[in-house]
Amino acid sequence: MIVTIDTKKCRCKETKLCASVCPYGFIWDLDENNYPRVKQALENYCIACGHCESICPTDAIKVGTLATPPFRYDKKIKIPAEHVELLLKTRRSVRTFKNTPLPRVELEDLLDIVRWIPTASNKQQVKWMVIDSKEKVQQISQLTIDFIKQSNMAKEIVEYYELGDDIILRNAPHLIIALGEKEYFWGSAEAGIALTYLELYAHAKGLGTCWAGFFTRAATLYQPLIEYLDLPHNHSVCGAIMLGHPVFKLHSIPFRKELDVIWR
Ligand SMILES: Cc1cc2nc3c(=O)[nH]c(=O)nc-3n(C[C@H](O)[C@H](O)[C@H](O)COP(=O)(O)O)c2cc1C
């Protein structure tokens, strides 16, 4: 059973708060004592999202497949919307990084945030690859340039690169790569969400990131780069960001296009 209910702790009985927040509420019914329970025959509809566990005011529910204990937080803490707005609006792409790599423990702490992203049917299957040295990042830049050269696109990029400027991965000390299973429909969407979480969290910690578009394209098409990355079986690159300590501080928020919205 994925969902276990401690009926000694359960207080709301037939109000079934747990069932009412379940994405598949029809899998719940009441047992002989009117306590909510997941119908055994339908339990494989459970996506282990943990909403039943989160809503239970008496901590009576545990969702057994969750890998780590739930994140507990002080419900009295209010997150001011203006702080969130500031975080979102001041995030910028960083393209000049200090020559100081992040220690493994900091990388782990940063990456951990992606476990909280939404994923289709709560599958949580984005995989990660961390390129953790500048030398390896530079080799990947070179392979990306080889791809651009042989596909005859963006000559200026190649010329600029050959002048000595790593326009591909910007001499970043790290490259964080999101991988998805080939053929998985939501792979790119979930990688995009995850990388966005990562980039915003990095910004909150004073770190800098930049999406690695050239690399991502090359890594889906160019065999020597795919081989260099030695991807896990049946996985492909869905997106990537460069990461490091930014050299510069920015002082203003840029112009953006007007919102383009169709109201019906
Ligand atoms: C999918 C995607 C791919 C990108 N690829 C690159 C890239 O390869 N190199 C780069 O310097 N910037 C890249 N960027 C950064 C954009 O140029 C940048 O987000 C945009 O100019 C807005 O600037 P800002 O991020 O500072 O607000 C990419 C951004 C996205 C979302």
Test: residue in the range 5-21 that is surrounded by 12 or more Cβ atoms within 10 Å (Cβ to Cβ), among the hydrophobic types (A, V, I, L, M, F, W, C) and in contact with a Gly (Cβ under 9 Å, 6 or more places away or on another chain): yes
Pairs, first closer than 20 Å to residue 185 by Cβ and among the hydroxyl-bearing types (Ser, Thr, Tyr) in the range 113-130, second loosely packed, with under 14 Cβ neighbours inside 10 Å and at pLDDT below 95, C-beta under 9 Å, six or more apart: 121/23
Selection status of residue 172, touching a residue at least 60 places away in the same chain (Cβ under 8 Å) and assigned to a loop (DSSP other than H, G, I, E, B): yes
Hits in the range 158-172 (condition: surrounded by fewer than 23 Cβ atoms within 10 Å (Cβ to Cβ) and either in contact with a strand residue (DSSP E or B) (Cβ under 6 Å, 6 or more places away or on another chain) or under 24 Å from residue 248 (Cα atoms) (or both)): 160, 161, 163, 164, 165, 166, 167, 170, 171
Residues that are surrounded by fewer than 11 Cβ atoms within 10 Å (Cβ to Cβ) and under 14 Å from residue 199 (Cβ atoms), drawn from the range 89-106: none
Answer from 240, 202 - the residue that is in contact (Cβ under 8 Å) with a residue 12 or more places away in the chain, more than 10 Å from the ligand (Cβ to nearest atom) and crowded, with 19+ Cβ neighbours inside 10 Å: 202
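The values are calculated or read from the model by the stated rules, or taken from the named source; none is laboratory data. None of the values given here were measured: they were computed from a predicted structure. Note that we place each Cβ from the backbone using ideal geometry, even for glycine, and neighbour counts take in every protein chain shown.
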